[in-house]
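**Student:** Sharing a structure, written as structure tokens. Questions coming.
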Amino acid sequence: MHGDVQDCLRAILPEALRCAGSLPLDEVSFLVWTRESSGWLGSWEARSALPIWVPERGYLCPEDLARRFGEVMSRHHPEHLGMVGTAGSLLRLDARLLLDRLIREVWSRHAACVKWAWDTGWSAQASGMTP
């Protein structure tokens, strides 16, 4: 990934996550597997998840952030925008869809850390932890 795209994501992702985190969260059941001495044991665990659809705007990410990301992506990686798929199904990838997917992925992997950072006001940049 081009450095300008990485810089853009570093700049807009915290704000995009903050916007997504301000939405009412859905309660979702996840199947969690743990290894016991007798083998694997599956159990259901309730977790908070971002909503599938945002009524006011449709996407998690505000349009102005997606536009900034789209400008950088179209300049350096235009092959990742536009129509993708097979003869049987096509999907139009745009910057807003890609950014929404990234927000959902970060949230699903790191929701507890993201919420803690907001609650404490912690910043990776202020802590000198970003490259």
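The values are calculated or read from the model by the stated rules, or taken from the named source; none is laboratory data. Computed from a predicted structure; not experimentally measured. So basically every Cβ, Gly included, is an ideal-geometry build from the backbone, and we count neighbours across all protein chains shown.
**Student:** Listed residues Arg68, Arg10; which is touching a residue at least 12 places away in the same chain (Cβ under 8 Å), of a type in the set (Lys, Arg) and in contact with a helix residue (DSSP H, G or I) (Cβ under 7 Å, 6 or more places away or on another chain)?
**Tutor:** On inspection, the qualifying residue turns out to be Arg68.
**Student:** Starting from residues that are under 22 Å from Glu15 (Cβ atoms) and of a type in the set (Ser, Thr, Tyr), keep the ones in region 54-102 and report whichever is farthest from the chain's Cα centre (by Cα).
**Tutor:** Ser74
**Student:** Let me ask you something else. Of these, Leu41, Leu90, Leu98, which one is modelled with pLDDT of 75 or more and more than 29 Å from Asp4 (Cα to Cα)?
**Tutor:** Result of the check over Leu41, Leu90, Leu98: Leu41.
**Student:** Let me spell it out: the conditions are (1) out of contact with any Leu (no Cβ under 6 Å at 6 or more places or on another chain); (2) without any contact (Cβ under 8 Å) to a residue 12 or more places away in the chain, and Val84 meets all of them except one. Which number is the exception?
**Tutor:** If we test Val84 against (1) out of contact with any Leu (no Cβ under 6 Å at 6 or more places or on another chain); (2) without any contact (Cβ under 8 Å) to a residue 12 or more places away in the chain, just (1) comes out false.
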